[in-house]
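Values quoted throughout were computed directly from the atomic coordinates according to the rules given, and no laboratory measurement underlies them. These numbers come from a predicted model, not from an experiment. Every residue, glycine among them, receives a Cβ derived from its backbone with ideal geometry; neighbour counts consider all protein chains shown.
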Amino acid sequence: MPAHDKPSPKQQAYLRSLAQKTGTTFTPPKTRSEASREIDRLKALSSSPRHEHHTDRQAVQQAPRGGAARVRETEVEGYGSTATWGSGRVTR
């Protein structure tokens, strides 16, 4: 693929802006024509309401860290590169 056939930095920036505005994602295009088609697709989508972005960001920031997937102290034995999964038993 010739270097001039790659999407321009301006196209890439516009794609990122449209994706953020519509609340969607996209596969990075390999050519300028793919970038143009993707821009047209994202322009056809309706914008996500601004308050939705704010609400989502707040929810993520206020969510408890770790949750059920966090590793508890009783599940790991050792430190650093010698750490291994422990028995996971809680002693009381």
**Fill in**
GNM on the chain, Cα springs under 10 Å; top mean-square fluctuation among THR31, THR22, THR82 goes to THR82
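Considering Cα pairs under 8 angstrom that are at least six residues apart, work out the relative contact order of the stretch 3-85 and quote it in whole percent.
Worked out over the stretch 3-85, it gives 23 percent.
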**Request:** Check cross-link reach from LYS43 to the aspartates and glutamates: straight Cα distance under 20 Å, and skip same-chain residues fewer than eight apart.
**Result:** GLU34, GLU52
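Can you figure out the FRET efficiency of PHE26 with VAL60, using R₀ = 22 Å and their beta-carbon distance, to the nearest 0.05? If you can, show how the numbers build up before the last one.
Details: r = 21 Å, r/R0 = 0.96.
Step by step, r from the Cβ atoms, then E = 0.55.
What's the local net charge at TRP85, with K and R +1, D and E -1, over the other residues with C-beta under 11 Å away?
Details: positive: none; negative: GLU75, GLU77.
Its environment carries a net charge of -2.
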**Prompt:** Which net charge results for the neighbourhood of LYS43, defined as the other residues with beta-carbon distances under 13 angstrom from its beta-carbon, given Lys and Arg at +1 and Asp and Glu at -1?
**Reply:** +1
**Square roots of five times the Cα gyration tensor eigenvalues for the chain, Å** = 44, 22, 9
